[in-house]
Amino acid sequence: MEAVPEKTMPEKTMPREAASEETATAAPGDLGEHFEATVARGARIEPRDWMPDAYRATLVRQIAQHAHSEVIGMQPEGNWITRAPSLRRKAILLAKVQDEAGHGLYLYSACETLGVSREELTALLLAGRQKYSSIFNYPALSYADVGTIGWLVDGAAICNQVPLCRTSYGPYGRAMIRICKEESFHQRQGYELLMTMMRGTGEQRAMVQESVDRFWWPSLMMFGPPDADSPNSARSMAWGIKRNGNDELRQRFVDMTVPQAEALGVSLPDPDLRWNAERESYDFGEPDWSEFAAVLRGEGPCNAQRLAHRARAHEDGAWVRNAALAFAKAGAAHE
Ligand code: FAQ
């Protein structure tokens, strides 16, 4: 595999919080070769291994963003827990939202192996210096949205994350294996909820269609900008952090989802969506990338609300963190 020289990485592709710390440490002798050879044969880099500073910074950026997404991603569905239509639906939704918290924890732990604490990462998120997925800046307006988020959002997350089980950084790949297993349960519970509603009244079917219409395009945006506008993809793929480009995974998601939409009996809001026999794939329209850019700038329908809620939850949880620390200290004093 061709090595990507670190110095050629444009400043703007560096995570903001890491750019100033970039010291371009030269790999001491064999260590650099060991890193390149490990990545080239598709084996894993582990926390004890030497790695280029930019590789570490890219991992911190992506894993932190992923962890923040899981935790902030609890909000749209969490909003419906108290209004679930039955005890069964409430139990399913509680378990699902709780799983997302767990995913956040695995990912923060994976990130900590790179030398940055969860506390620092949370501070960067709350200061607006790290991102979370654009999708969670859209509201969940009806109970059908719980199903649509499971079907489309978790479905897109699975498409994006299954290849990450083979990512080159060991702790990230191992966290992804467990996360993907749980995400597939999430996707199926969403699909089952929508299928139940589609077998219900005309009003319920309309509720599902309206929800799918709102979530379709933002789900496609979850895969990131087109490859041509993705500053990080080439570097991340050369390092085996990402295994596929954004466009390839978006296409995979569309191909997987269209037959499911047909089985459900919903339409997808894209007049350009059609089977292309030559490519053996669906052609589809272009998401509105100006909307995506606006959401990333903080101008989505719920950006301010999501971050404010996260900041409030963090403050409200301070006593729990303090109590746990005091308990750990007291335990250590007794040893
Ligand atoms: N939203 O150069 P690229 C879930 C940013 S978890 C916000 O292509 P990259 C589970 C990107 O960071 C969902 N920002 O970047 C769940 C970069 O900005 P930066 C989260 C985005 O990293 C379900 C800039 O645009 N999943 O859903 C987005 O190579 C239900 C240029 O982009 C992951 O994080 C976006 N959609 O590729 C939970 C998976 N797309 O950082 C609750 C892991 C791009 O330079 C309920 N992450 N940006 O300032 C990845 O696979 C990658 O990071 C991509 C982006 C593919 C998201």
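Each reported figure results from applying straightforward, stated rules to the coordinates on display, with no laboratory input. Small disclaimer: the values here were computed from a predicted structure and weren't measured. Reconstructed Cβ throughout: ideal geometry from the backbone, glycine too, with neighbour counts over all protein chains shown.
Values computed for the structure shown
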{"quantity": "Phi-based couplings in Hz for the range 163-168 (Karplus 6.51, -1.76, 1.60; Gly and Pro marked x)", "calculated": "x, 6, 4, 9, 4, 6"}
{"quantity": "Protection-proxy order for peptides 260-266, 231-237, each taking the mean of Cβ atoms within 10 Å per residue, highest first", "calculated": "231-237, 260-266"}
{"quantity": "The chain - mean residue ellipticity at 222 nm from DSSP helices (-39,500 (n - 2.57) per run, n ≥ 4, rounded to 500)", "calculated": "-19000 deg cm²/dmol"}
{"quantity": "Positive-end residue, the chain charge dipole about Cα centroid, Cβ charges, pick of SER290, HIS66, ALA333", "calculated": "ALA333"}
{"quantity": "Pairwise FRET efficiency - ILE177 versus ASP53, Cβ, R0 = 30 Å, nearest 0.05", "calculated": "0.65"}
{"quantity": "Evaluated over the range 69-206, the Cα radius of gyration and Dmax, each in Å", "calculated": "16.1, 54"}
{"quantity": "Helical segments meeting 18 Å axial Cα length and Kyte-Doolittle -1.0 threshold in the chain (DSSP H)", "calculated": "53-72, 87-112, 170-198, 202-221, 246-264, 318-334"}
{"quantity": "Candidates GLU112, GLU70, GLU203: whichever shows maximal mean-square fluctuation once the chain is modelled as a Gaussian network with Cα springs under 10 Å", "calculated": "GLU203"}
{"quantity": "Distance violations [Cα-Cα > 29 Å] among LYS96/LYS242; LYS96/LYS329; LYS242/LYS329; LYS90/LYS329; LYS131/LYS329; LYS96/LYS131", "calculated": "LYS96/LYS329; LYS242/LYS329; LYS90/LYS329; LYS131/LYS329"}
{"quantity": "The range 138-160 residues near the modelled ALA84 label - backbone nitrogen below 13 Å, point 7 Å along Cα→Cβ", "calculated": "146-147"}
{"quantity": "Most mobile listed residue (HIS66, HIS309, HIS103) in the chain, GNM with C-alpha springs under 10 Å", "calculated": "HIS309"}
{"quantity": "Highest-first arrangement of 295-302, 244-251, 215-222, where packing means the average Cβ count within 10 Å", "calculated": "215-222, 244-251, 295-302"}
{"quantity": "Distance cut-off 28 Å, percentage of C-alpha pairs in the chain lying past it", "calculated": "45 percent"}
{"quantity": "Alpha-carbon centroids, the range 243-268 and the range 154-207: separation in whole Å", "calculated": "13 Å"}
